[in-house]
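Worksheet for the structure shown next.
FYI, it's all coordinate maths here, none of it is from the lab. Given the structure is predicted, the values throughout are model-derived calculations rather than measurements. As a convention, Cβ positions derive from the backbone with ideal geometry for all residues, glycine included, and neighbour counts pool all protein chains shown.
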Amino acid sequence: MKRITSLFFIIFSTILLAQPEANYDETRIPKFSVPDPLTSFSGRAITDTDQWEKNRKLEIYQFFEKQIYGKVPAMLDEYSFKVIEQDNNAFEGKAQRKQIAVGLKKNGRTLNFNILLYLPNGHENAPVFLGYNFHGNHTVTNDPKVIITEAWNANNDDLKISNNKATEASRGVRTNRWPITKMLEKGYGLATVYYGEIDPDKNDFSDGLHSLYYTEEQTRPRTNEWGSIAAWAFGLSRAMDYLENDTNISNVIVFGHSRLGKAALWAGVTDPRFSGVISNNSGCGGAALSKRKYGETIEHITTSFPHWFSQSFKKYSNREETLPVDQHQLLALIAPRPLYVASAIEDEWADPKGEFLSSQYASKVYELYGKKGLSLTDVHEVDKPIQRTLAYHMRAGKHDVTEYDWDQYMIWADTFAK
């Protein structure tokens with residue numbers, strides 16, 4: 001076992017050392033042109049929402065689907081929901097707690113995952129934040145009734161996860177990222193799912209959602225088929241299948257941090273049932289412009305995490321100038337629904353300025369619908385949120401989700417996303 005572990009370390013270290021050094025110097029950013037979201041690939045100007053909806057939106061969507069995130073091969077054969085646990089007096093009487101088992105079936109194979117749902121007592125038709133967690137539903141709360149995931153889990157000494165398995169020792173280790181009490185007191189619910197139950201976050205397509213769809217002798221998705229980000233987005237939509245039919249829920253805002261921020265954006269694009277979308281520090285392949293080649297790049301991300309995107313995305317590695325789109329057009333596909341993009345000043349790997357510029361460039365599509373986003377004269381200042389239909393903030397600190405972030409999201413949702 002030690003020999004295998006050492007060999008893995010050597011291989012992983014070799015991959016990291018082979019990658020180019022990240023650029024954090026604005027003067028070294030290559031010259032590039034930002035593709036206009038309101039000019040079609042053929043050069044046609046888009047002047048109204050009808051042209052956008054019928055023509056331009058579709059061609060941008062199809063490019064992202066086939067060349068970046070990958071296409072879902074087919075519909076499920078069956079899916080099911082079962083409330084396996086419920087308590088109407090959770091969180092000292094503040095909430096109703098439900099745990100819902102979701103079953104997905106395709107080609108005679110099944111996959112199951114659990115939704116943890118808290119709804120505020122005393123609030124009918126509450127809006128709900130839906131977001132993935134990184135290590136299990138039991139990590140977001142100290143609530144002893146929350147089921148511990150049995151799915152593969154990335155080892156983390158700080159979070160007390162070893163042997164790729166979560167245990168009671170990891171209960172509540174991520175409460176700092178989920179201010180559930182504050183959400184409930186403000187009338188919001190929370191639905192969360194462990195993303196590893198949908199697709200384990202490793203470069204191995206032998207298990208997880210993808211494997212339900214394989215034909216005989218197939219071991220990984222085809223070139224233009226879905227990577228893990230698209231699979232995680234698909235899982236969010238399956239959670240939405242349940243949530244939209246819960247009569248105590250008014251609307252659902254999809255949220256994600258880091259790689260799960262990328263998944264939340266793609267879920268928001270592919271599923272119009274989400275009333276709003278929040279991207280927290282989503283970086284490369286999320287909200288940040290790829291063509292800036294600042295911090296993490298396509299080469300970095302497709303080398304370190306080759307399972308996240310479709311295989312076709314790798315051909316743009318170190319060739320960002322050949323991309324006919326950029327991530328601001330992904331953001332534009334969410335219009336006119338509310339969208340919040342957030343950065344952190346010390347999170348240079350995720351390129352805060354690139355996320356801000358992307359939000360600015362996407363705003364012209366929001367303006368087409370008569371909605372307000374970021375103007376080209378806005379500046380990104382630390383801890384000074386811009387609260388509009390397309391909103392943005394850059395907070396002090398590092399790559400994380402903080403109570404400050406959630407405070408801004410709830411202020412914004414009160415006005416724009418309920």
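Shown in residue order for the range 354-364 are the 3J(HN,Hα) couplings computed by the Karplus curve 6.51 cos²θ - 1.76 cosθ + 1.60 at θ = phi - 60°: x, 6, 5, 4, 4, 5, 4, 5, 6, 5, 5 Hz (x for Gly and Pro).
Other residues within the sphere of radius under 15 Å centred on the Cβ of Ser275, judged by their own Cβ, net out at 0 (K and R +1, D and E -1).
Taking Cβ atoms as reference points and 15 Å as the exclusive limit, the residues near Ile198 contribute a net charge of -1, counting Lys and Arg as +1 and Asp and Glu as -1.
Each eigenvalue of the Cα gyration tensor of the range 336-394, multiplied by 5 and square-rooted, gives one semi-axis; in descending order these are 20, 10, 9 Å.
Which lysines have a Cα lying under 22 Å from the Cα of Lys71, excluding residues fewer than 8 positions away in the same chain? Of all the lysines, those that pass the test against Lys71 - Cα under 22 Å, at least 8 places apart if same chain - are Lys54, Lys57, Lys105, Lys106, Lys202, Lys262, Lys314, Lys315.
Once backbone amide H atoms are built at 1.01 Å from N, Arg388 has no partners under 5 Å, excluding neighbours fewer than 5 places away on the same chain. Highest-first packing order for the peptide set 33-42, 234-243, 333-342, 409-418 is 333-342, 234-243, 409-418, 33-42, based on the mean count of other beta carbon atoms within 10 Å.
Using all pairs of distinct alpha-carbon atoms, the Kirkwood hydrodynamic radius of the chain works out to 21.9 angstrom. Relative to the Cα centre, the charge distribution of the chain, modelled as +1 at Lys and Arg Cβ and -1 at Asp and Glu Cβ, gives a dipole magnitude of about 480 debye. Would you mind classifying the range 179-295 by shape? Square roots of the alpha carbon gyration tensor eigenvalues, ordered a ≥ b ≥ c; an a/c under 1.5 is rounded, otherwise it is prolate if a/b is larger than b/c and oblate if not. Because a/c hits 1.5 or more and a/b fails to exceed b/c, the range 179-295 counts as oblate. What separates the Cα centres of the range 101-157 and the range 219-251 is a distance of 13 Å. Across the range 109-124, coupling constants 3J(HN,Hα) worked out from phi with the 6.51/-1.76/1.60 Karplus curve, θ = phi - 60°, read 10, 10, 9, 10, 9, 10, 9, 9, 10, 10, 10, x, 5, x, 10, 7 Hz, and Gly and Pro carry x. Report summary: the helix-based calculation at 222 nm, which adds -39500 (n - 2.57) for every DSSP H run with n ≥ 4 and divides by the residues of the chain, gives -7000 deg cm²/dmol.
Once the Cβ-Cβ distance between Lys145 and Ser237 is put in as r, and R0 is 25 Å, what FRET efficiency do you end up with, to the nearest 0.05? Between Lys145 and Ser237 the formula returns 0.40. Once you order the gyration tensor axes a ≥ b ≥ c over the Cα atoms, which shape class does the range 77-182 get: rounded for a/c under 1.5, otherwise prolate or oblate by comparing a/b with b/c? It comes out oblate by the Cα gyration axes.
The H on the amide N of Tyr194, modeled in the peptide plane, is under 5 Å from the matching H of Asn114, Asn133, Asn137, each at least 5 residues off or on a different chain. Three principal axis extents of the range 14-90 based on alpha-carbon atoms, in descending order, are 56, 48, 33 Å.
How many percent of Cα pairs in the range 291-348 exceed 15 Å? Counting pairs separated by more than 15 Å, the tail of P(r) holds 61 percent.
What the Cβ-Cβ distance of Thr39 and Gln218 gives, at R0 = 30 Å and to the nearest 0.05, is a FRET efficiency of 0.15. Take the Cβ atoms of Ala22 and Asn245, set R0 to 56 Å, and the FRET efficiency comes out at 0.80. Compute the label zone of Ile84 within the range 242-256: residues whose backbone N is under 15 Å from the point 7 Å along Cα-to-Cβ. From the range 242-256, the list is empty. Could you tally the net charge around Thr49, taking each other residue with its Cβ under 14 Å from the Cβ of Thr49, Lys/Arg +1 and Asp/Glu -1? Value of the local net charge: +2. Rounded to the nearest whole Hz, the Karplus-based 3J(HN,Hα) values (6.51 cos²θ - 1.76 cosθ + 1.60, θ = phi - 60°) of the range 185-193 follow the sequence 5, 8, x, 9, x, 10, 10, 9, 9, with x at glycine and proline.
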